[in-house]
Every structure is written in C-alpha cells, then in structure tokens.
There are 6 protein chains.
Amino acid sequence: MKVSITRKAHFTSGHRLYNPDFSDEENRRIFGPCSNPNGHGHNYVLEVTVTGELDPATGMIMNLKELKNIINEHIISRCDHKNFSVDVDFTRDIIPTAENLAKRIFEVLDSKLPDGTLQRIKLFETENNIAIAERGDG
Amino acid sequence: MKVSITRKAHFTSGHRLYNPDFSDEENRRIFGPCSNPNGHGHNYVLEVTVTGELDPATGMIMNLKELKNIINEHIISRCDHKNFSVDVDFTRDIIPTAENLAKRIFEVLDSKLPDGTLQRIKLFETENNIAIAERGDG
Amino acid sequence: MKVSITRKAHFTSGHRLYNPDFSDEENRRIFGPCSNPNGHGHNYVLEVTVTGELDPATGMIMNLKELKNIINEHIISRCDHKNFSVDVDFTRDIIPTAENLAKRIFEVLDSKLPDGTLQRIKLFETENNIAIAERGDG
Amino acid sequence: MKVSITRKAHFTSGHRLYNPDFSDEENRRIFGPCSNPNGHGHNYVLEVTVTGELDPATGMIMNLKELKNIINEHIISRCDHKNFSVDVDFTRDIIPTAENLAKRIFEVLDSKLPDGTLQRIKLFETENNIAIAERGDG
Amino acid sequence: MKVSITRKAHFTSGHRLYNPDFSDEENRRIFGPCSNPNGHGHNYVLEVTVTGELDPATGMIMNLKELKNIINEHIISRCDHKNFSVDVDFTRDIIPTAENLAKRIFEVLDSKLPDGTLQRIKLFETENNIAIAERGDG
Amino acid sequence: MKVSITRKAHFTSGHRLYNPDFSDEENRRIFGPCSNPNGHGHNYVLEVTVTGELDPATGMIMNLKELKNIINEHIISRCDHKNFSVDVDFTRDIIPTAENLAKRIFEVLDSKLPDGTLQRIKLFETENNIAIAERGDG
C-alpha cells in the first residue's frame, strides 16, 4: 500500500499568454482572449501531493504544517497577487499556461521537499482547466 | 409566494485596486497586495436573480436562454479576459472592488431587463469574498 | 433577529419541457433541447428553509431529523428516479420548469410543515439554473 | 439599491448536543447520535454579511481585511479546534445546535461591528445543515 | 516528470438501467429505481485528461480550445439532452451505467485525439457516483 | 483500458492528535491545536475506488448499492458521530491523522471487498487536507 497526503492552497495571479515571436494575429489565433494586452488573471487552486513512510510516533508522512509552510514560502508568497510574466522569477521566461506553470511549480517544490517525496502537483486555472505534473515513475 | 430564478455565469478579468489621490503607501495600506502595479485578476462568478409572474403557457418567469443572452451580451462579452480599469467602459472610472463592480453590473442589467424584474446580483470575487447588490425594496 | 435553518436534499428526475398547445417548432424555439421527446433529467438539489422560535430546551427551531423526514416523505420519495410529467401527481399537470417545480414543492411542504414556518425553497436544476419560491412577506 | 459584502471563514470545533435535564433516552431520541458522550465535531463554514454605504474613495463598504480581522479575533480564534461546551465562553451555556451557534455568533459580531452594519450570519454545520441569523428588519 | 491537462465539460442526459433478458423483478433487484420505466436522468460532469510533450512555442500540450471542440463535437453534441438508450448511437446497445458510459466515451475520444494522448476519462453521474476509464499502462 | 468506479460517503467524527510518549509541549509543537484536550472533529468525506471487469449483463464492475452497503456497514456505522480514539476499535490504537485513518480504512475495506478489487481510498479531513491510500502496484 502506498500512502500519500495532499495539501490544497489558493492564490490569485495575473497572466497573459503571448509569444513575441508570433504575429499579433497568430497570438490571437492560438491564445484567443488570453493574449489580450491589458491582462487578466485567475484564482488558482494548487494541490500538492507527497508520499513516504508513515512515522508511527506522529502518524504522519510529513507534518502538514511544514508542508503548508514550504508551499507558502516558495510558491504562494512569490505568486499571489503577482503577474507571472513580470514579477515571478521562476515563470518570467515561459508562456504561463496552466501546464507550464504546473511544471515549474513541481520543479520548485521538488527542490525544497525531501528527496523523492513530491509525487504530484495539480493546478486549477479555472474549475474547468486543470494541469497536472507528476513524477514520471508514478 | 414570490418566485424567482437565478442564472449563474463565469468570467475572468484583471483588476487593480488603486486610488491616484492616495500616496503609494496609503494605497498599500488600504488595498494591500491588490494595489500591486503589474496586475492580477480573478475568476468571477456572477449570479443574476430575476422575479416576476409565472407564464402558465411556458412555466417560466423569463426564458433562461434569453436571460443568459442578456448577461452574455452586456456583461460577459464586455468583461471576460478584460481589465476593469482599462478595457471596460462601465467600470473604468471606479475602483474595481467586488462591491463597486456588483453595483455597476446591477445598473447595467437593470437597464436591459424588463422593468423591475432584476432583484439581485451576487458577485463572487473569490470563494471567500462576495458582493451583493439588490433592489432596495427587496 | 430572525433565525432559520436550511436542510439540503438531493434527487434525480426526468423532465421534458413541452406544451401540447404549441407546434413542434414553437416547442423547439421556446424550450430548446429540453423539448426532446425521449427525455432527459437532472440531479436536483433542494434547499428548504424554515424559521421560528428557538426552543431553549433543545436549542432547535425544528428538529432537523423531523424536517428531513418530511422532505423525504413528501418530496424525495415521490420525485426521485421518477418522471415529473408521468409519475409525480403534484407536477403532472404543469410544465416542469425549475420555477414551476419550486412553486409546487413550496406548496406541498407548506401544507405539511407547522403553519407559517416554511420560508423559502431553493431548487437547483443544474449548478447554473436555480429557482426560488419564498413566502411573499419575506 | 442595497449593496452588501460577504466574507467566508472556516473553523473546526467539537460539539455535543445534550441537555442534562433530559433522561439519557430523551437525549438520544431528540439529539440522536449527536448526543454521543465521547464527542465529535464539524468543519464549520461561516459567512458574515455586512451592509452600508459605498465609500467613493476606497470603493468599499468596509475593508474586507478589517472584517476578516474582526471575524478572526472574535470568532475563529475562540472557536477553532475548541469544544463549544467546554472551551468557548459565549457558547458554554447553550446546546450547540447550528441555530443556537448562529444566534450567538451574530450577537458577538453585532457588538464588534459598526452599528447596524451586520446583516446576516450563515453557519454551515455540514454541507446539508445550515443555520441563518439575520437582522429582524431585513 | 509527466505533464497532463484536464478539461471539464457538462451535459444532461436521460438514462434507464434495464436488461430485457432479466425479469422485471430481477431488473428491480439489480438496478433499483434506476430501472423505472418512465426515465430519469443526470447532470453528468466529464473530465478528459490528455498527456504529451509541452510545445515550447505555445507552452501547451494541446490547445485547450481544440480539446474543448473535440469533446463538444464528439460527446456533448451527441449526448446532451438526449436519452442514452434511444438517441445516442455509441451507447444504444449497452446498459448505460456510469462505468459503461465512461468506457464508451473513452473509446470515442481515443479515436479522435492524437495517438496515445488520451490518458483518462472521469465521469460523474452524481456527486457521489463516479466512473473512471484510463489507459491500461497508466 | 482499466475501468473503475468511485463511491463517495460522508461521516462526522471526533479526533485528537496526541502521543502520550511526548511531553505536552512536544504534543503542542508537533500537533498544534489538534492536540487540544477537549476534542474537536471533522466532517470527513471518503472516496472508495474499486476496479474490475465489466459484467456485460449488468454493465457493472460491482453494484454501487452493494459497495455503498459495505462502506456503510464497515466504516460509516462504526465511525460516524464517534471518537476515533475512544469508540472506534480499528483506530483506537493509532494517532488519528488523516493518513493513518486512510491506511486503516483501506485495510478494513480491502478485507471485505472481493480480492484485489479495492484500488484507492481518498479521505478528506477538510477541503484542504486529504490523505490517499492506494494499492502499491497501482
């Protein structure tokens, strides 16, 4: 049996999908209204799942308070009420689609969490658009 | 007995809370991270409630398809993937708090719906922040 | 201060919006795909709100178990997995729009609950289409 | 038009419905499993709605940060991870039904918020059991 | 790391669980009220998850607009406000349980999406009954 | 293709995180307010996922009514409105964290369901804290 825990967090950010190598018309065709110049944003919901051994003394895989602190320090405090293309160093160089953001958030958290414990990131851009980044062997 | 119907709609917009008459520090103190210059946004949820007589031939107060069309034409198409302070003519001159937006959306819809039928607007900025504008005699 | 309690219940029913006095084309124009002959249905969510005095001995306006039983006996057991236009005696003669159903459910429950306690019925046909029937003086 | 804002908050508490004036059997009949001696609890969701004039300089009825702080200081910090019948001074003397709790929470907040601004409290004990306390003239 | 995206869609359909090879009493025993002759239905929620390489020029695995169009064309437009046992060619010959529907929807979408990209279908018949069809090697 | 079904259930229980081998201060540091002596509790949501072959005569992997009965008999009736550390025999000897509870619930259900069919348990302690126990080879 494999046991894992998931912690959910919320943040609000500005994003614009735009590739400067594309013409305006191509940007419009590919990214639709997400390429509008004056920006919009989303209430993102982030789910972080870690796995590991259950410690019999605490009954925990990892203290959820600690997991919450890591998510807050490395993701929420850097993204919340920020613009992904201007303010956030780990997303400034990518097109901030849900799947690109999920990939980068996975990489950031994977480097901060105990080795190999991060299993999956789920990022809700809206209730209907969701990206998942998960460890390849999972 | 009073009967009414509610139609829910979704849109995504950019907003920034900022009053140019305030100092930067006052803006920061009053609006918090919502005053960040590079913008952010929300997935707004809008609930529109209308009341009236039930037409026995259709069983309807108002055709929900028609209500949906009015909401789409006058609110969604003007706000979705837009910035309230730049792109939306009916919110450009206000500070786009949830309550200010709800007030203006009520006014726009009230002028497009049959006289006196609009009862209430509920605008979810996030799951936790909600503004309501309703007819005073309600 | 007014105190009230709301109990939520779920049921699943078949409905078809169709007026035999209309031509097929009129039915199609007014009711859209809801007039399809082979039927469809919804997972309805019903919220029932009652008000009254708080009994100091029980801390209750009305025992929620009792309210639940009344809802089950008079609404759920008669509507769940049934077709409103064929199986349900109190809706067979109406066009089963959300607002017509809400009106009839209010009338049924109002006759079974202590006098004047029923305040409001909220009926979710889908997450986006909601009908409300409430006492006129509320 | 009346404009109001709602702020949602969450807390987790232990409760037991039990009246020492009743026999064990009466407690069981009236309160059901909620009278179990070893306690259980709920994830409560609280919605607080305030109304007032829109300040044109801020676009606000009341700063949501301030409303959040008042809810946190006077309700959440006193109830969260506490037992209503043992730990919480303003509920220790009542049977902690949802409606009794809603009434008391309304009274506490009403005394801390600007005069007459508190309009309504909504307390979700579970997704299906909800109590509402609202100003009588509303 | 594996990255995938999920798109959610909604439709409403009529279904009846009934096997003509069974006696009425067997149908009743096995399918319960789902075998009622006059039909009922559900608000189905469908989640479609696809995986693949992230295109650096677009930041996308697949354009969500394109995925949405495929789901609309091949599933929603054929099932919404239809009866699975009468109107829908790809479900007419099966008993429309959630798991049978999920299996068929997977097969339809798998044949329309780029080879091997469809990873998983999740079909919510109600909030409490969910079927999942996923690629065997996943 | 692998097909599975998920059934959701709800229960409400009391829990306290406390290890008698730790000092009070250690309990406080590790478990936070969850170690409060007077108890609190949660509205738990449980998702149970089983997999297997689709029976062509019924269109089912397992009758959802039967799955529901097994969950009710072996989990809900033993945990609902009970205290995990006092009343529930299969959790009395563990620290009732979400992940420990998920592990034990998996073990109980695995022993009651047809061999190898139980695939995954998901236990929501709150909307934000979720534990998952799943078959190791999945």
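The values are calculated or read from the model by the stated rules, or taken from the named source; none is laboratory data. Small disclaimer: the values here were computed from a predicted structure and weren't measured. Positions of Cβ are generated from backbone atoms using ideal geometry, with glycine treated the same way; all protein chains shown enter the neighbour counts.
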Do the conditions hold for C:Asn72, that is, is it closer than 28 Å to D:Glu125 by Cβ and either touching a residue at least 60 places away in the same chain (Cβ under 8 Å) or not in a loop (DSSP other than H, G, I, E, B) (or both)? yes
Enumeration of residues in the stretch A:9-29 that are touching a Lys or Arg at 6+ places or on another chain (Cβ under 9 Å) and not hydroxyl-bearing (Ser, Thr, Tyr): A:Ala9, A:Phe11, A:Gly14, A:Phe22
For the stretch D:1-16, which positions are within 7 Å of another protein chain (Cβ to nearest Cβ) and in a loop (DSSP other than H, G, I, E, B)? D:Met1
Pull up the stretch C:18-41, narrow it to residues that are buried (at least 22 other Cβ atoms within 10 Å of the Cβ) and closer than 15 Å to C:Asn129 by Cα, then point me to the one that is nearest to the chain's Cα centre (by Cα). C:Gly41
Test set (1) buried (at least 17 other Cβ atoms within 10 Å of the Cβ); (2) without any contact (Cβ under 8 Å) to a residue 24 or more places away in the chain; (3) under 16 Å from D:His10 (Cα atoms); (4) not polar (S, T, N, Q) - D:Ala98 fails condition number: (2)
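Criterion first (in contact with an Asp or Glu (Cβ under 9 Å, 6 or more places away or on another chain) and of a type in the set (Val, Ile, Thr)) does E:Thr49 satisfy it? Spell out the reasoning first.
Values: in contact with an Asp or Glu (Cβ under 9 Å, 6 or more places away or on another chain): yes; of a type in the set (Val, Ile, Thr): yes.
Judged against the criteria, E:Thr49 is a match.
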For the stretch E:38-69, enumerate the residues that are in contact (Cβ under 8 Å) with a residue 24 or more places away in the chain and either within 14 Å of chain C (Cβ to nearest Cβ) or under 26 Å from C:Gly41 (Cβ atoms) (or both). E:Gly39, E:His40, E:Gly41, E:His42, E:Asn43, E:Tyr44, E:Val45, E:Leu46, E:Glu47, E:Val48, E:Lys68
Subset of the stretch D:96-136 [part of a loop (DSSP other than H, G, I, E, B) and of a type in the set (A, V, I, L, M)]: D:Leu113
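Among the residues of the stretch F:105-126, which ones are more than 15 Å from the chain's Cα centre (by Cα) and not polar (S, T, N, Q)?
Residues of the stretch F:105-126 that are more than 15 Å from the chain's Cα centre (by Cα), as a first pass: F:114-117.
Across the stretch F:105-126, the qualifying residues are F:Pro114, F:Asp115, F:Gly116.
If I filter the stretch F:43-68 down to residues being closer than 30 Å to D:Cys34 by Cβ and surrounded by 21 or more Cβ atoms within 10 Å (Cβ to Cβ), which single residue comes out as farthest from the chain's Cα centre (by Cα)? So that I can check it myself, show each step before the final result.
Looking only at the stretch F:43-68, we keep the residues that are closer than 30 Å to D:Cys34 by Cβ, and these are F:43-48, F:64-68.
After this cut, where a residue has to be surrounded by 21 or more Cβ atoms within 10 Å (Cβ to Cβ) as well, the list is F:43-44, F:46, F:48, F:64, F:67.
Working: F:Asn43: 12, F:Tyr44: 8, F:Leu46: 6, F:Val48: 9, F:Leu64: 18, F:Leu67: 15 Å.
So, considering only residues that are closer than 30 Å to D:Cys34 by Cβ and surrounded by 21 or more Cβ atoms within 10 Å (Cβ to Cβ), the one farthest from the chain's Cα centre (by Cα) is F:Leu64.
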The correct count of residues that are free of Cβ contacts under 8 Å to residues at least 40 places away in the same chain and either within 16 Å of B:Arg78 (Cβ to Cβ) or more than 10 Å from every other protein chain (Cβ to nearest Cβ) (or both) in the stretch B:104-138 is 8
Considering residues of the stretch E:70-81 that are within 11 Å of the chain's Cα centre (by Cα) and within 23 Å of C:Arg16 (Cβ to Cβ) only, the residue farthest from the other protein chains (Cβ to nearest Cβ): E:Ile75
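Yes or no: the stretch E:30-52 includes at least one residue that is among the hydrophobic types (A, V, I, L, M, F, W, C), in a loop (DSSP other than H, G, I, E, B) and modelled with pLDDT of 95 or more. Don't jump to the end; show me each part of the working.
So in the stretch E:30-52, the residues among the hydrophobic types (A, V, I, L, M, F, W, C) come out as E:30-31, E:34, E:45-46, E:48, E:50.
Now restrict to residues that are in a loop (DSSP other than H, G, I, E, B): none.
Within the stretch E:30-52, none of the residues are among the hydrophobic types (A, V, I, L, M, F, W, C), in a loop (DSSP other than H, G, I, E, B) and modelled with pLDDT of 95 or more.
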For the stretch C:107-138, give me each residue that is within 23 Å of B:Ile71 (Cβ to Cβ), buried (at least 17 other Cβ atoms within 10 Å of the Cβ) and among the charged types (D, E, K, R). C:Lys122, C:Glu125, C:Glu134
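Is it the case that the stretch A:82-95 has a residue that's more than 9 Å from chain E (Cβ to nearest Cβ) and outside any loop (DSSP other than H, G, I, E, B)? Let's see the steps before the verdict.
At the first step, the residues of the stretch A:82-95 found to be more than 9 Å from chain E (Cβ to nearest Cβ) are A:82-93.
Next, from what is left, pick out any that are outside any loop (DSSP other than H, G, I, E, B): A:82-83.
Yes, there is a match, as at least one residue in the stretch A:82-95 is more than 9 Å from chain E (Cβ to nearest Cβ) and outside any loop (DSSP other than H, G, I, E, B).
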